[in-house]
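First up is the structure itself, then whatever we jot down about it.
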Amino acid sequence: MSQDPIIYEGITLMALGMGFVFCFLLLLVGAIRVLTSLSSYFLPVLINKPTVSDKTTAPEDTLVAAISAALHHHKKKFS
C-alpha cells in the first residue's frame with residue numbers, strides 16, 4: 001500500500017483550510033475597519049478641555065482619616 005495519495009490529500013486539505021481561515025480573518029479585519037470608520041464618522045470623540053480652577057482642592061479630613069485608619073489596620077494585621 002502506498003501512502004503518497006493520502007499524504008497529498010492531507011496537505012491539500014490543510015492548505016485549503018488555512019486558506020479559508022486566512023480569507024475569513026481578512027474579511028473580519030476589513031469589517032472591523034469599516035465599522036471603526038463609520039462609528040468615528042457618526043459618533044465623533046468629544047474632547048473635554050480641562051477647566052482651570054482658582055482654588056486647589058484638598059482632600060477632606062474624613063477621607064484622610066479613613067485612609068489613615070485603613071493603613072494602620074493593614075500594617076497591624078500583616079506585620
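None of the figures in this text is laboratory data; all of them are computed from the coordinates on show. Every value quoted in this text rests on a predicted model; they were computed, and no experiment measured them. Cβ atoms come from the backbone with ideal geometry, glycine included; neighbour counts cover every protein chain shown.
What to note about this one:
- To the nearest ten degrees, helix 4-42 and the longest principal axis of the Cα atoms of the chain are 40 degrees apart.
- Extension gain, Ser39 to Tyr8, is 6.5 nm, computed as 0.36 nm per intervening residue step minus the present C-alpha separation.
- Label point distance in nm, Asp61-Leu26, each placed 7 Å from Cα along Cα→Cβ: 7.0 nm
- Which label in (i) 15.9, 52; (ii) 11.8, 40; (iii) 31.0, 90 gives the computed Rg and Dmax of the Cα atoms in Å: (iii)
- Modelled FRET efficiency - R0 35 Å, Leu16 with Leu46, Cβ distances, 0.05 increments: 0.15
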